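The values are calculated or read from the model by the stated rules, or taken from the named source; none is laboratory data. Here the structure is a predicted model, which is why all the values come from computation and not from measurement. We place every Cβ from the backbone using ideal geometry, glycine too, and count neighbours over all the protein chains shown.
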């Protein structure tokens, strides 16, 4: 069996027993990237010599570190191209400015290094990671969905999801400020975890994990834990076993965006969602429909929060025309806001958070869709009108962003597929939402679903 067909967890076991070496694993994945990246554009840059040098250094260590202290020892990955890694340019997915070469690595990159991981390069992102789709204007091209390269893989952790789905990487870190891990995970048939927002973080975005299986995601969570204010006692990987006792689950297809936009799941998504609910009931869990109250102020407040963040980009107003329509709309909108408007928006989101946490607190987990449709065709999102583009994204992924506001953990789990009229199989996922700090319960439940559906061995047929 080829190394890329093995799970990250299996690779780690073979690395720790010495049956394979870090240089063998890195060389194999570099060859995969050489062969597939020209077709899928998952990585914006990679450096084989640098990766092999690190692999040789790990091999030269007199003894292997313990699994607790280096859970990712010898495993290749790539940094999302909004994450600084010393010596690499950070493109942020834009051609509007020359990407600077980072002088030092970001905390999450340093954490991956301490865990023993080997960075091969940078994964592709849309401009400034603002969107839930992949398209950008980089000369090397934007990431393409390996299940159907005519379709978008979702964003903003686009290249990370494509690389893992196409077996160009065994796992990959990402970050999620409105769905940026869960959206591409759903579109590419992966498990994608947005952990609980750390108490020291005031923004919407958190670092998270993409993998082909629940256990691979748990392994990566452990490797990133010391940069995430996350408990590792016991490790999440250890705690994923066994299956949970029967849980009290809520389900809904509710979204706060429905107060402003038409939100409706496509029939194929609704059918897979209903099947997943039936499966959960057959597994012994207790399900109840629970729909929070409508909250008309959410859409405006969330939009203001995104605009306020975009306004802080170091882009002169006179240079905004170099950037994409969505970026221009967000930045200009943010710079027109008054401090009072921003303050009101954040107070509104805090009130909304309290409402959702109270509504969901009686349940061990809440089940929702991730997306309203399967992966859309390239060009589905308006490239000329930023406001329309933003609304389209909210209609495509209306179930993800409100959980960033609430800080609750959520995981995208593939549970089915849709076969198109021309015979293409496209993955469909559900979202499991937990209580704060409830990653163990979430991943135990996700693991139970994964075993029921046997999805972890599925792969895009053209890129096995």
Of (1) within 28 Å of residue 445 (Cα to Cα); (2) under 27 Å from the mean Cα position of the chain (by Cα), residue 297 satisfies every one except (1)
Check: Going by the conditions given, is residue 356 in contact (Cβ under 8 Å) with a residue 12 or more places away in the chain, in a loop (DSSP other than H, G, I, E, B) and buried (at least 18 other Cβ atoms within 10 Å of the Cβ)?
Finding: no
In segment 164-203, anything more than 18 Å from residue 371 (Cβ to Cβ), surrounded by fewer than 24 Cβ atoms within 10 Å (Cβ to Cβ), out of contact with any strand residue (DSSP E or B) (no Cβ under 7 Å at 6 or more places or on another chain) and modelled with pLDDT of 95 or more is listed as 167, 196
Report task. Output yes when any residue across segment 90-107 is at pLDDT below 95 and buried (at least 16 other Cβ atoms within 10 Å of the Cβ), and no when none is. Result -> yes
If you go through 159, 178, 154, the only one that is under 16 Å from the mean Cα position of the chain (by Cα), closer than 16 Å to residue 78 by Cβ and either assigned to a helix (DSSP H, G or I) or in contact (Cβ under 8 Å) with a residue 60 or more places away in the chain (or both) is 159
Report task. Please tell me if residue 304 is surrounded by 20 or more Cβ atoms within 10 Å (Cβ to Cβ) and over 30 Å from residue 253 (Cβ atoms). Result -> no
Checked segment 1-15 for anything assigned to a helix (DSSP H, G or I), in contact with a helix residue (DSSP H, G or I) (Cβ under 6 Å, 6 or more places away or on another chain) and closer than 11 Å to residue 212 by Cα; matches are 8, 9
When segment 450-464 is checked residue by residue, the ones that are in contact with a helix residue (DSSP H, G or I) (Cβ under 7 Å, 6 or more places away or on another chain) and more than 22 Å from residue 162 (Cα to Cα) are 452
> Would it be correct to say that residue 187 is outside any loop (DSSP other than H, G, I, E, B) and under 11 Å from the mean Cα position of the chain (by Cα)?
Replying inline: yes
Of those in segment 19-54 that are without any contact (Cβ under 8 Å) to a residue 24 or more places away in the chain and more than 22 Å from residue 459 (Cβ to Cβ), the residue surrounded by the fewest Cβ atoms within 10 Å (Cβ to Cβ) is 49
All conditions in (1) surrounded by fewer than 19 Cβ atoms within 10 Å (Cβ to Cβ); (2) within 26 Å of residue 460 (Cα to Cα); (3) under 21 Å from the mean Cα position of the chain (by Cα) are true of residue 273 except (1)
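Residue-by-condition table, conditions (1) out of contact with any helix residue (DSSP H, G or I) (no Cβ under 8 Å at 6 or more places or on another chain); (2) assigned to a helix (DSSP H, G or I); (3) more than 30 Å from residue 432 (Cβ to Cβ):
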site: 306; (1), (2), (3): no, yes, no
site: 318; (1), (2), (3): yes, yes, yes
site: 348; (1), (2), (3): no, yes, no
site: 362; (1), (2), (3): yes, no, no
site: 367; (1), (2), (3): no, no, no
site: 382; (1), (2), (3): no, no, yes
site: 395; (1), (2), (3): no, yes, no
site: 405; (1), (2), (3): no, yes, no
Of the residues in segment 190-222, those that are assigned to a loop (DSSP other than H, G, I, E, B) and under 24 Å from residue 310 (Cα atoms) number 11
Notebook entry, point to check: Do we find a residue being in contact with a strand residue (DSSP E or B) (Cβ under 9 Å, 6 or more places away or on another chain), modelled with pLDDT of 95 or more and closer than 22 Å to residue 89 by Cβ anywhere in segment 204-212?
Noted result: yes
Flag if residue 215 is surrounded by fewer than 24 Cβ atoms within 10 Å (Cβ to Cβ) and over 16 Å from the mean Cα position of the chain (by Cα): no
| Within the bounds of segment 300-317, is there any residue that is at pLDDT 95 or above and on the phi > 0 side of the Ramachandran plot? | no
Restricting segment 16-40 to residues that are modelled with pLDDT under 95 and in a helix (DSSP H, G or I), the one nearest to the chain's Cα centre (by Cα) turns out to be 16
Condition set surrounded by fewer than 21 Cβ atoms within 10 Å (Cβ to Cβ) and touching a strand residue (DSSP E or B) at 6+ places or on another chain (Cβ under 9 Å), scope segment 67-89, selection nearest to residue 236 (Cα to Cα): answer is 86
Picked from segment 4-17 (must be touching a residue at least 24 places away in the same chain (Cβ under 8 Å) and farther than 23 Å from residue 158 by Cα), the residue surrounded by the fewest Cβ atoms within 10 Å (Cβ to Cβ) is 16
For segment 108-134 the number of residues that are surrounded by fewer than 23 Cβ atoms within 10 Å (Cβ to Cβ), under 25 Å from residue 310 (Cβ atoms) and out of contact with any strand residue (DSSP E or B) (no Cβ under 8 Å at 6 or more places or on another chain) is 0
Residue 462 meets each of (1) at pLDDT below 95; (2) assigned to a loop (DSSP other than H, G, I, E, B); (3) surrounded by fewer than 17 Cβ atoms within 10 Å (Cβ to Cβ) with one exception, condition (2)
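Matching residues to (1) in contact with a strand residue (DSSP E or B) (Cβ under 6 Å, 6 or more places away or on another chain); (2) in contact (Cβ under 8 Å) with a residue 60 or more places away in the chain:
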position	(1), (2)
268	yes, yes
279	no, yes
287	yes, yes
312	no, no
